[in-house]
Every structure is written in structure tokens, then in C-alpha cells.
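A short write-up of the structure that comes next.
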Amino acid sequence: MVPKTPLHIAIAADMGWGHVRPLCALAARIVRLRAADVTLVGLAQHETDMFDRRVVAAAFDGTVQRVLAAQPVPCAVATRELPALRAPHALVVDILGHEYVASARKYDAALKVFVSMPPSLLSMHVLRTKVDEGEIAGMLAAIEKGVGEGRTLGQATNEVMGGPTDEILAAPGLPPIHDYEQYPQELYFDPGELGPFYLTVPDLIYRCNGLISASMACIEPPEIIDLFAKFSAARGFEPLRLLGPLLPQTEREAEIERGGIAGSPEISSFLKNVLEKHGERSMLYISLGTVFWPTQPEKMWTFLDVLLDKKIPFIMAHASPFCQLPEETVAKVKASGTGLFVPWAPQQAILEHPVTGWFVTHGGFNGIVESIHAGVPMICWPFQGDQPLNVVHLTDNLDVAYELLEVRNGPWGLKPIHRTGKTPTGTLVAVRAEANALLEKALGEDGARKRANIQKLRDAALELWKDGGEARIAAEQMLDSIAA
């Protein structure tokens, strides 16, 4: 017998941690707010090619067909079958959800779809969309044809879409940047492989019923919110709903996060020793996420050398498969007693530990929210996607972060920066000089100002999910709309 709860919402996200985690938190909050069932659809990825969307699309299609038909589905984490639920009232997808929506609408053309993305990234795609849905489909077909003829996805995409340009892009509320400034780093994979995402994002927007975001009302420029109010009204969409911060909410969930430290004696001991010897807010936590890593890693080793010279403690999590730690660097760090390399770390728990003073980050949105929630200012090393725009907002608008500019590389990273008028040289000498100057500022009055600014944001963020808070109200409105 199919349970008759008032609401059933399906949520689908790629199995990258930054995509899955906020939507898991949203699922937990939904069931606390309403009598509702939430089905979280876990998706397989290609074993060697993270950009092969055919594998993801095929996995989702089989699952969503059963979910929409109110049939039992296999559990993704245990060898058992989950009982049938009523057909979902809505589907929530994130930025990579183009295939999911197309698949779900095959089986239920009227299914309500909500798309979750960072508003700053979303606004840039809205502004840059100069092709209609038919043209987007044609360009995607041309890319697929090129791949079928033997070209790589990156080659086929570049032939159809072209590369970055000198065009000035101006998202509302954000300082203008050159188009090429969205690519400040070379990657270990052809950035052209990301091209289809840049086409499918606007197409995904046009297919949905409403836009949601894990961003927070206290950090978004009013100009962006106004843009989306007008955009949504013109398209007949639901208004943009800011639902962040989407992080663990209960003490039990927070205890699980802290358990990540307790479960790693090496990390626990290091944090304890640094706190005793150097005091609160003395340590840097370094993580560039689970994918990105500099193609010139010697720039990272140079940055670490500056930390060692200044005897600034640090933990570096190196989860990226592209990271290869040189034996000499590992030995040097170990001998110093002030640094620790770990393949994985309980990031939120470390950020909220009293010893953590700064977060060196690639500027992914999940990490930004965690950093603000912990009141820890940032030092940013962006690569691509939403990261460059996020970092411009953090440094120039919110004044809670610095950006490392001399670590840039490649044909686009070493071109003039619009908002500064300067051109990075990208040499190791320049990286060392910039790191020294930046850390001096971070540890002085300038850094204290940024810390005070992010503490104000933290205080505001902590109010958003309380009774009467903007995020809670937005979530209630979204659920009312789904139930209507």
C-alpha cells in the first residue's frame, strides 16, 4: 500500500560532495517543516570520465521512471528495496540537472521542477543567454556530432562555441570582469569539456517552474535579487527563494561533523597542539575541493614555503586525484611540526574549531557558506565555474576575503584583470612576494577588518532559519506552492 503523506519531493544531484550536501540538508529541513517524504536520487558516474553525462542520464532515467510511477526502488546504500511512495509532487535538481529534467518530463510533463544554483553564477548565465531553446538544442547536437566523428568533447565544444573573449561581463551587483577572467587557471582536463554545461544551464532555467538557491539573503547583492524578481515574473516562474545556509541544523548532526575530528587522531592531536602553542585563530585550513588542483603545483609548494618561513600552522586536505605530493615537501612539512597533510578532512568541523583563523579555498559555494557560518575569512584560489564570480563578490563587495592573483596561469589567467588594471606575471618569485604581503595584511588590521565583516555575516546567517527568518519563510512558501 502506498503511503499517503501530504507531500512527496524527489531531489537529484550529482554525487560530488559540494552538489549533494546542501540538497541533503534541504531534505532534512523539509521533513522537519512538513509531513513529507523526500526521495534523494543518488547518481552513478562514469568510472574514468566525470563529464560523460550519458552514464548519469541513463542511471537517473531508470530510477525516476519507477519513482514517478509510484513503484518500489532499490536503495543506493543498502541491499534492499525501498517501499513505493506516491508519485512526487516536485523534483529539485542542481546546476547539473539538465538531463534529469528532460528525463523526468518524459514520464510526467506537468511535474514541477525547481533548480538550485548560486544566484551570482545564475545571473551571469541569464544575462549571457542570447540563443533560444531551439538554437541551444542545435548546438548540443552539433557537439554530439563532433564527438561521434572522433573529436574529443573539448575539441567539439570549442568548434561550436568558441573560446573565452575580451568581452566585458557585468552581472548586477558584481564588479565587471572580462569574459576570460572566468578561466584564471589551466585545468588538468580540457575546459571545453565544460562547454555543454554552459549551454544547458540557461536551457535548464527555461524548463523549470522556479529557482532556489543554497545562498543566503544576507550575502546576495540586492541588484541580483531584483534581476531574478523581474526575470521570474516575465517567465511566469516562482520567485527566487534563498534557502541558505543549508548546513547541519541539529546538535546531533553537528556532533557527527565534530566526530570527524575525533575519528582522526592525527588531526585531533594536531589541532590540540596548535591551539596550545599558537593560540586561537592561528591556523590556516587549506582545501581546493575534491576535483581542482593547480597544474603548476610548484605555486602551492611556494605558498606553503612562505607559511613554513613564517611558522604559520596549517592543515592541507588534498582530496583531488590530480594532487601528487613531492616527497621533499612532505618531509619538510613533517619536520617543521607546523603543517599537516591529509587526504580528507571534516571541513566544517575544522572551520568551526577555535584554532582556525583563515580558510584557503577555491571559492566553491559550499565552502563559502561553511566559512561564513564559522566566521572564518578566506584566501581564495579560484579555478572555473562559479568560483571566479564568487571570489570577486567576497573580495570586492563583502570584504571578507583576499584573492591570490599571481597563482594564475595559462593563456587566460595571465591577461589583464579588469577591476585592478594589473596583469599577473605568474612567476614563483611573484607568488612568494604576493603570499608574504597578503599574509602580513591578513595577520594585521586589514585582516581584522575582514574577520569583523564575516562575523557580522555569520550573525545574520544564524538568524535565517529561525522562526520568522528569511530562509525559513522562503522554504515554507516553496512547500506551499508545491502542495497547491
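The values are calculated or read from the model by the stated rules, or taken from the named source; none is laboratory data. Since this is a predicted model, take the numbers as computed values, not measurements. Here Cβ is always computed from backbone atoms with ideal geometry, including for glycine, and neighbour counts include all displayed protein chains.
Pull up the stretch 346-367, narrow it to residues that are touching a Ser or Thr at 6+ places or on another chain (Cβ under 7 Å) and of a type in the set (A, V, I, L, M), then point me to the one that is nearest to Ser213 (Cα to Cα).
It comes out as Leu351.
Across the stretch 153-196, what is the total count of residues that are at pLDDT 85 or above and assigned to a helix (DSSP H, G or I)?
Qualifying residue count, the stretch 153-196: 4.
Look through Ala84, Ala70, Ala109 and report the one residue that is within 25 Å of Ala483 (Cα to Cα), aliphatic (A, V, I, L, M), touching a Leu at 6+ places or on another chain (Cβ under 7 Å) and modelled with pLDDT of 85 or more. First the steps, then the outcome.
Details: Ala84 fails: touching a Leu at 6+ places or on another chain (Cβ under 7 Å); Ala109 fails: touching a Leu at 6+ places or on another chain (Cβ under 7 Å).
Answer to the selection: Ala70.
Show me the strands (runs of 3 or more DSSP E) found entirely inside the stretch 310-397 where at least 2 residues are under 21 Å from Lys277 (Cα atoms) and either without any contact (Cβ under 8 Å) to a residue 12 or more places away in the chain or touching a Lys or Arg at 6+ places or on another chain (Cβ under 9 Å) (or both).
Per the criteria, 339-342, 356-361.
Name the single residue, out of those in the stretch 354-386 being out of contact with any strand residue (DSSP E or B) (no Cβ under 8 Å at 6 or more places or on another chain) and farther than 12 Å from Ile454 by Cα, that is surrounded by the most Cβ atoms within 10 Å (Cβ to Cβ).
Result: Gly364.
Can we say Gly444 is farther than 22 Å from Val376 by Cβ and more than 22 Å from the chain's Cα centre (by Cα)?
no
Is at least one residue of the stretch 37-58 at pLDDT 90 or above and among the charged types (D, E, K, R)?
Within the stretch 37-58, one or more residues are at pLDDT 90 or above and among the charged types (D, E, K, R).
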